[in-house]
Amino acid sequence: MTSSQAIRGFSGPLLFSHGFRAFFLFSGLWAGLAMILWIFYLAMGLDIPSAMAGVDWHMHEMVFGYASGVIAGFLLTAVPNWTGRMPITGWPTAALVGLWVLGRIVIFFSLYLPFWAPLVVEGSFLPLFGAVIGREIIGGQNRKNLKILLIIALLAAANIWFHMQSLNGDAYEGTAIRSGVALIVMLISVIGGRVVPSFTRNWLARQGRHPLPVPFNGFDRLTLALSALSLAGWLIFPDALVAHLALVFCGLLHLMRLGRWQGVQTLREPMVWVLHAGYVFVPLGFLMAGLQAYLPDYLSPAAIPHAWTSGAIGTMTIAMMTRASLGHTGRPVTATPPILFVYLSVIGATLLRMGAEFFPASTGLLHGAGTLWILAFGLFVMIYLPILTRPRLPRHA
């Protein structure tokens, strides 16, 4: 047995037996806790003990903190299925999780640490994770997923860039945070284009319903290519008319793409329709980003649409975490009433936060959005803590 095989064969505690267990649990916990901390410090008129400005910390931890944890959990579980290689388990997984958790702690208390500590500690997670995933993708000769590796590498660079901009006081409305959001939106567009129609097709086929989702084809490739170009234009030429028009056009393309997946037929199954509900915020974000310059009284031209951050990222990640956790632990993939409440709370939080973009003077919308977000992720942790940390007990006849 080689050393690599020995490492892979050592499972360690159940929590680290698969990447999704610890990363989904800690990411969900952090999504709620980070929002509680953010609201508490704002309400008390206090500064967080971070070298980052409060709003910089909030943006960073939702995009590069929470989202990177969910991405890690998902890819550590999905890549073995794509490559046919054994999953990375045990202490290597624990080390990645520990580095991610340490990054959250170091950033929050960075006011009392050397200026380089957050960059070195937290900034090393995504490059290390990318190297681990890259080894699996390349080792499995799974070339079609190299684009996923490219997005992770660019996301790691954007994160380091954010740290640098934050040190200089330029992170708020800076290019780094916009790059991070754009890259995650592309990741959702790529992976969502696989899982949403696939899960929908499987469910509709079991129900004997037609028509089925349209398979991935040239239209999807065109949509993804134009989306990448329009997002690049949003980053490089944010004030250009052609960039705004490209964003709006891509929003319409994504709406057409979503319509081809037959989501309207899945309203009886929350585990399926929530994927469509999450993906709809992708085109809404494109449309809002493209129209910001023409609605300055309602939308800040420099702001990042919460349709992307709270909506696409928040809803799609909670949808995948709830579904994958059940499926990979051998439990029925069905939505209980509490899980349905989680979905509705995340979507409600997004709609209220989007409403606050149009009516910034309404603090009630902000408070409502924050409350629903905390409820959603708090309930997720309560429901999935035993699922992710304990083995499933066998049923007795």
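Scan the stretch 246-295 for residues that are in a helix (DSSP H, G or I) and out of contact with any Pro (no Cβ under 6 Å at 6 or more places or on another chain) and the total you get is 34. Looking at the stretch 76-145, the helices (runs of 4 or more DSSP H) lying wholly inside it that each contain 1 or more residues that are touching a Lys or Arg at 6+ places or on another chain (Cβ under 9 Å) and surrounded by fewer than 16 Cβ atoms within 10 Å (Cβ to Cβ) sit at 125-139.
If you take the residues of the stretch 56-87 that are touching a Phe, Trp or Tyr at 6+ places or on another chain (Cβ under 9 Å) and among the aromatic types (Phe, Trp, Tyr), which of them is farthest from Leu42 (Cα to Cα)? Ranking the candidates gives Phe74 first. Taking into account only those residues within the stretch 181-235 that are assigned to a helix (DSSP H, G or I) and of a type in the set (D, E, K, R), which is nearest to Thr317 (Cα to Cα)? This residue is Arg194.
Report yes if Val63 is within 17 Å of Ile160 (Cα to Cα), crowded, with 17+ Cβ neighbours inside 10 Å and either without any contact (Cβ under 8 Å) to a residue 60 or more places away in the chain or not assigned by TED's automatic domain parsing to the domain that holds Leu42 (or both), otherwise no. Spelling it out, it is not the case that Val63 is within 17 Å of Ile160 (Cα to Cα), crowded, with 17+ Cβ neighbours inside 10 Å and either without any contact (Cβ under 8 Å) to a residue 60 or more places away in the chain or not assigned by TED's automatic domain parsing to the domain that holds Leu42 (or both). The condition of being under 26 Å from Trp82 (Cα atoms), touching a residue at least 60 places away in the same chain (Cβ under 8 Å) and either of a type in the set (D, E, K, R) or buried (at least 22 other Cβ atoms within 10 Å of the Cβ) (or both) holds for only one of Gly180, Gly193, that being Gly180.
Here is a yes/no grid of residues against (1) in contact (Cβ under 8 Å) with a residue 60 or more places away in the chain; (2) in contact with a Gly (Cβ under 7 Å, 6 or more places away or on another chain); (3) within 21 Å of Leu154 (Cα to Cα):
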| position | (1), (2), (3) |
| --- | --- |
| Ser68 | yes, no, yes |
| Pro118 | yes, no, yes |
| Glu122 | no, yes, yes |
| Pro127 | no, no, yes |
| Glu136 | no, no, yes |
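The values are calculated or read from the model by the stated rules, or taken from the named source; none is laboratory data. Given the structure is predicted, the values throughout are model-derived calculations rather than measurements. Note: ideal-geometry Cβ built from the backbone for every residue, glycine included; neighbour counts use all protein chains shown.
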